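Before any comments, here is the structure.
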Amino acid sequence: MPKKTALITGAARGIGYGIAKQLASDGFNIGIFDIIEEAAVSDSVAELEKLGAEVMYFQGNLAKKDDCTEFINAAVQRFGEINVMVNNAGVAPKVRADMLETTEESLDFVFGINIKGTFFMAQAAANQMIKQGKGGIMVNTSSMSAYTTSTNRPEYCISKAGVSMITQLFADRLAEYGINVYEVRPGVIKTDMTSVVTEKYDKMIADGVFPIKRWGFPEDIAKAVSAFASGAFSYSTGEVINVDGGFHIQRM
Ligand SMILES: NC(=O)c1ccc[n+]([C@@H]2O[C@H](COP(=O)([O-])OP(=O)(O)OC[C@H]3O[C@@H](n4cnc5c(N)ncnc54)[C@H](O)[C@@H]3O)[C@@H](O)[C@H]2O)c1
């Protein structure tokens, strides 16, 4: 039987790369969309190939709708069809600044990638899956910031609440086509994104803010995505899984 294809945005490193490794091990061919140039990630791509996957790397900017469409077209050309779409790429603001000082530039930057980009990539993948007529699975990466305030990065929190609504909207719209849409909601995960705030999170973890007292790792998120991508949740759509060490539990 031919291998299925999983597309993952932001998979040059971090959580996305962890997802790519897991899905390659699960037997998918992998299409990566990332802004980092291909030459810089050749070793990572080779690792995925060693796991048995055929890999297509596409350099593009999620903030550009045309790049999203071109990626989906290139993936179809290469693999014939797409079966799983993982909308993982996202950015934090370049500078954490009090919300009374948030700039238009920072808001446009974060919304452009996290909301607009995620929406149009989801739309392009959805239209392709509908055309194929065989159903499909989509998984979006939001964050505990979808419901937790950080007043020094409001643009990020709002954008992740937006990603959660994107999940609900596509889950609703695509159900009739057999395309199920899910969301992983990471807590604090050890990647480049959190490397600038390591000490802060080390302290929060030591102080017991997270019931499970450790950092999360890309593999933790990858295992949840793998479960969704397996098709095991065929009568569920719009579901959210928190991969956050239990942070979301309301505690006294
Ligand atoms: N690390 C965490 O603690 C954490 C927590 C909650 C949610 N998340 C979310 O998980 C996702 C992955 O985060 P990460 O920690 O792996 O971050 P990361 O910065 O390590 O990786 C993000 C990837 O996205 C790519 N990317 C950035 N801008 C892009 C663009 N415009 N177009 C295409 N690709 C682009 C980067 O090149 C990189 O490969 C993000 O959506 C992030 O918001 C992360």
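The values are calculated or read from the model by the stated rules, or taken from the named source; none is laboratory data. Worth saying up front: this structure is predicted, and the values here are computed from it rather than measured. Neighbour counts run over all protein chains shown; Cβ positions are idealised from the backbone, glycine included. Side chains included, ligands, DNA and RNA excluded: accessible areas come from the protein's heavy atoms. Shrake-Rupley method; radii C 1.70, N 1.55, O 1.52, S 1.80 Å.
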Notebook entry, point to check: Where the Cα atoms of region 34-154 are projected onto their three principal axes, how long is each span, largest first, in whole Å?
Noted result: 49, 34, 25
Margin query: Using a Debye calculation, one point per C-alpha and no hydration shell, please list log10 I(q)/I(0) for the chain at q = 0.12, 0.13, 0.15 Å⁻¹ in order.
Written below: -0.66, -0.78, -1.05
Next item on the list: Counting only heavy atoms of the protein chains, get the accessible area per residue of region 5-240 (1.4 Å probe) and round it to a whole Å² value.
Entry: 46 Å²
Item checked: FRET efficiency, 1/(1 + (r/R0)^6) with R0 25 Å, evaluated for Asn152 and Ile249 via beta carbons -> 0.55
Notebook entry, point to check: By how many nm would the segment from Arg173 to Glu54 lengthen if fully extended, with 0.36 nm per residue of separation less the alpha-carbon distance?
Noted result: 39.8 nm
Next item on the list: Report, to the nearest whole %, how much of the accessible area of the chain belongs to carbon and sulfur atoms, 1.4 Å probe, protein only.
Entry: 53 percent
Next item on the list: Provide, for region 5-240, the number of lysine pairs with alpha carbons under 13 Å apart, each pair being eight or more places apart or on different chains.
Entry: 7
Next item on the list: Enter the angle in degrees (range 0 to 90, nearest 10) between the Cα long axis of helix 154-174 and the first principal axis of the Cα atoms of the chain, meaning the one along which they spread out most.
Entry: 30 degrees
Next item on the list: Within the set of other residues whose C-beta is less than 14 Å from the C-beta of Asp192, count the net charge using Lys and Arg as +1 and Asp and Glu as -1.
Entry: +2
Next item on the list: Please give the helix 118-132 orientation as an angle from the longest Cα principal axis of the chain, in degrees from 0 to 90, rounded to the nearest 10.
Entry: 20 degrees
Notebook entry, point to check: Using Cα atoms only, what is the angle between the long axis of helix 65-79 and the major principal axis of the chain, expressed in degrees (0 to 90) to the nearest 10?
Noted result: 40 degrees
Next item on the list: Could you work out the local net charge near Asn114, counting Lys and Arg as +1, Asp and Glu as -1, over the other residues with Cβ closer than 13 Å to its Cβ?
Entry: +1
